[in-house]
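Below is one structure, written out as C-alpha cells; comments come after it.
The values are calculated or read from the model by the stated rules, or taken from the named source; none is laboratory data. All values reported here derive from a predicted model rather than from experimental measurement. Virtual Cβ from ideal backbone geometry, glycine too; neighbours counted across all protein chains shown. Note: accessible area is taken over every heavy atom of the protein model, side chains too, but ligands, DNA and RNA are not part of it. Shrake-Rupley method; radii C 1.70, N 1.55, O 1.52, S 1.80 Å.
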Amino acid sequence: MNLLLIPLVILGGMGLSVEAGLLGPLGGEVGHLWATLSIFGVGSALTLLLVLFFGPRNAPSFTAQPGWQLLGGILGPVYVVVLTLTTPVIGLAMTMIAILSGQVAKSVLIDHYGWFGGAKKKIGRERLLALLFIIAALWLIARG
C-alpha cells in the first residue's frame, strides 16, 4: 500500500467537510437544487479545462464502457443534495460522521465481495471493529 496517498485522501475528506459547510448556507439562500447545480456546474467547468489541457489524447470512448460504470454520475448529485439538506439541520459533524459510517459500511461489503472489479478483502475482526468505532462516534456525536 502506498502510505503517501493517505494524507492526500485525508485532505480530500477535509475538502468535503468544507464543501458541506458551504453548501448548507448556499442551499438555504438559493435552494438546495440550485446549490447542487452550482457545485456541479463549477466542478464540470474546471474538470473540462483539466481534461482539455491534461487529459489523455487516446482515451477510450464513454460509449465503449459498461453502463454501470457511469452510475457515479447519478450518485454524485444525490450525495450533494443530501449534504445540502442535512447539514443545516443536524450540523456538519453529524452529517460527516453519518456519511462516513455509510461509506465505511458499504465499502467493507464492496471489498468483501470484490464488487466493481476490486480485489477481495475479507471482513475480519479489525474491519468490523473499525466500523463499530465509527458507529460509536456517530452515537457520541448525536448525543453531544
(message) Are there helices (runs of 4 or more DSSP H) fully within the range 1-119 with at least 2 residues that are touching a Gly at 6+ places or on another chain (Cβ under 7 Å) and hydroxyl-bearing (Ser, Thr, Tyr)? List them.
(response) 72-90
(request) Assess whether Arg143 counts as being more than 17 Å from the chain's Cα centre (by Cα), charged (D, E, K, R) and more than 17 Å from Ile90 (Cα to Cα). (result) no
(message) Under 8 Å between Cβ atoms, which residue pairs at least 6 apart in sequence (or on different chains) link something in the range 61-87 that is at pLDDT below 85 and open to solvent by 70 Å² or more (accessible area, probe 1.4 Å) with a partner that is assigned to a helix (DSSP H, G or I) and among the aliphatic types (A, V, I, L, M)?
(response) Phe62/Leu70
(message) Take Ala130 and tell me if it is farther than 20 Å from Ala35 by Cα, in contact (Cβ under 8 Å) with a residue 12 or more places away in the chain and in a helix (DSSP H, G or I).
(response) yes
(message) Considering only residues that are exposed (fewer than 13 other Cβ atoms within 10 Å of the Cβ) and within 20 Å of Trp34 (Cβ to Cβ), which ones fall in the range 88-118?
(response) Val89
(request) Among residues belonging to the range 32-46 that are among the aliphatic types (A, V, I, L, M) and touching a residue at least 40 places away in the same chain (Cβ under 8 Å), point out the one that is surrounded by the fewest Cβ atoms within 10 Å (Cβ to Cβ). (result) Leu33
(request) Find the residue count for the range 133-144, including only residues that are free of Cβ contacts under 8 Å to residues at least 12 places away in the same chain and either open to solvent by less than 70 Å² (accessible area, probe 1.4 Å) or not in a helix (DSSP H, G or I) (or both). (result) 2
